[in-house]
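Asks: Structure provided below as structure tokens; questions to follow.
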């Protein structure tokens with residue numbers, strides 16, 4: 001790869017995605033190559049078909065290298081939330097006399113606050129906020145002159161089994177420079193500016209098999225949860241209840257419109273063996289709404305289990321391909337969750353869809369770090 005190019009591997013719950021890119025004019029991202037490979041995904045913090053994982057990663061790497069005609073020598077890997085958890089700790093350092101705060105002081109603040117957990121490793125750490133003296137909150141304390149500094153500090157942990165498995169597979173492809181980042185953490189930094197993050201951000205990434213829920217403040221995570229339920233379950237429900245193939249169910253889901261009240265005789269037409277087959281709009285919509293309600297209930301359960309509360313008035317920022325593309329799905333979801341819901345903007349014209357949110361955010365992080 002060229003000196004200013006980076007490559008990332010992002011683990012979606014349906015696809016592996018490799019992006020190769022670089023920083024362009026006006027700090028935009030220039031994606032030079034994209035390659036995706038379907039695989040079985042993961043549930044409950046484990047890969048569904050771990051034996052097939054190495055083959056899927058190999059095909060994804062080889063495909064990306066063919067598209068860009070380069071050899072990938074290093075990768076930033078996006079770690080899904082199902083393999084992560086976050087913890088926040090506070091720590092204080094007191095100096096004998098006022099001094100200029102240095103990076104070394106900040107590093108020591110994090111080092112002393114950090115707690116080790118069996119079978120997990122810290123992959124990312126950042127600040128919720130700092131406090132100078134007794135009560136002065138600040139985003140960046142570097143070069144400030146003080147005799148005391150405190151911090152509310154966020155640590156993101158990933159399963160060692162994930163880190164070791166992926167590293168071993170990549171090493172077999174002669175990729176030894178590997179950096180792991182929580183994909184939801186990368187999204188928090190890419191999708192929202194400082195002002196938004198300082199006021200709290202609720203982010204819901206609903207994917208194909210899994211949904212991640214995060215409460216963000218400052219540059220860190222206050223709360224982070226996930227559960228194995230996503231848009232793929234909606235297609236599975238349509239397939240089972242209507243007795244149609246899964247492929248037909250996925251095509252049907254693209255036609256579903258939840259923002260209208262259908263009559264008894266209204267239908268969607270799906271193609272089966274070259275013939276148009278009518279499906280009751282009322283029945284199909286009810287199936288879809290029922291599963292969206294289950295996803296909303298899962299998110300509410302996350303809220304109830306969280307250590308840190310958030311203001312009632314803040315909206316949910318929705319991303320991922322699980323719910324974002326269902327016509328009228330956002331309104332139904334908003335009603336069920338009891339909050340205003342906004343589709344989070346992905347700031348890139350070529351890949352600005354919610355299903356690219358995670359991989360574009362990991363690419364942005366890799367370029368900037």
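Asks: Given q = 0.08, 0.09, 0.10 Å⁻¹, what are the Debye log10 I(q)/I(0) values for the chain, with equal point scatterers placed on the Cα positions and solvent ignored?
Replies: -0.45, -0.56, -0.69
Asks: Something else: Over the alpha-carbon set of region 106-249, work out the extent along each principal axis and list the three values in angstrom, largest first.
Replies: Principal-axis extents of region 106-249 (Cα, largest first): 69, 40, 25 Å.
Asks: Still on this structure, please answer the following. When DSSP assigns beta bridges and you keep just the ones with both residues in the chain, what percent turn out antiparallel, to the nearest 5?
Replies: Around 80 percent of the beta bridges assigned by DSSP in the chain are antiparallel ones.
Asks: Here's another thing I want to ask about it. Can you tell me the relative contact order of the chain? Whole percent, Cα pairs under 8 Å, sequence separation 6 or more.
Replies: Contact order relative to length: 17 percent.
Asks: Under the classification rounded if a/c is under 1.5, otherwise prolate if a/b is larger than b/c and oblate if not, where does region 15-90 fall, given a ≥ b ≥ c as square roots of the Cα gyration tensor eigenvalues?
Replies: Because a/c hits 1.5 or more and a/b fails to exceed b/c, region 15-90 counts as oblate.
Asks: What value, in deg cm²/dmol to 500, does the helix sum -39500 (n - 2.57) over DSSP H runs of n ≥ 4 give at 222 nm once divided by the residues of the chain?
Replies: The helix-only estimate for the chain comes to -10500 deg cm²/dmol at 222 nm.
Asks: Rounding to the nearest 10 and keeping the result within 0 to 90°, find how far the Cα-based axis of helix 160-172 lies from the longest principal axis of the chain.
Replies: The two axes meet at around 80 degrees.
Asks: In addition: Using only Cα atoms, locate the centre of region 292-354 and the centre of region 144-199, then give the distance between them in Å, rounded to an integer.
Replies: Cα centres, region 292-354 to region 144-199: 23 Å.
Asks: Semi-axes of region 48-139's equivalent ellipsoid from the Cα gyration tensor, sqrt of 5 times each eigenvalue, largest first, rounded to whole Å?
Replies: After scaling each eigenvalue by five and taking roots: 41, 18, 11 Å.
Asks: Could you state the angle between the C-alpha long axis of helix 281-305 and the longest principal axis of the C-alpha atoms of the chain, as a value from 0 to 90 degrees rounded to the nearest 10?
Replies: Approximately 20 degrees, to the nearest ten.
Asks: In degrees, nearest 10, range 0 to 90: what is the angle between the Cα axis of helix 231-242 and the longest Cα principal axis of the chain?
Replies: 20 degrees
Asks: Something else: Report the calculated FRET efficiency for residue 343 and residue 66 (r = Cβ-Cβ distance, R0 = 35 Å), to the nearest 0.05.
Replies: 0.60
Asks: Using only the Cα atoms of region 193-343, what semi-axes does the equivalent ellipsoid have when each is the square root of 5 times a gyration tensor eigenvalue? Give whole Å, largest first.
Replies: Square roots of five times the eigenvalues give 33, 14, 12 Å.
Asks: Is the shape of region 85-136 best called rounded, prolate or oblate, per the rule: a/c under 1.5 gives rounded, else a/b larger than b/c gives prolate, else oblate, with a ≥ b ≥ c the square roots of the Cα gyration tensor eigenvalues?
Replies: Note, shape of region 85-136 comes out prolate.
Asks: Against the empirical 2.2 N^0.38 Å scaling, what ratio does the C-alpha Rg of region 275-333 come to?
Replies: Rg over 2.2 N^0.38 Å, computed on Cα atoms: 1.46.
Read-outs throughout are calculated quantities, based only on the coordinates presented, and are distinct from any laboratory measurement. All values reported here derive from a predicted model rather than from experimental measurement. Note that we place each Cβ from the backbone using ideal geometry, even for glycine, and neighbour counts take in every protein chain shown.
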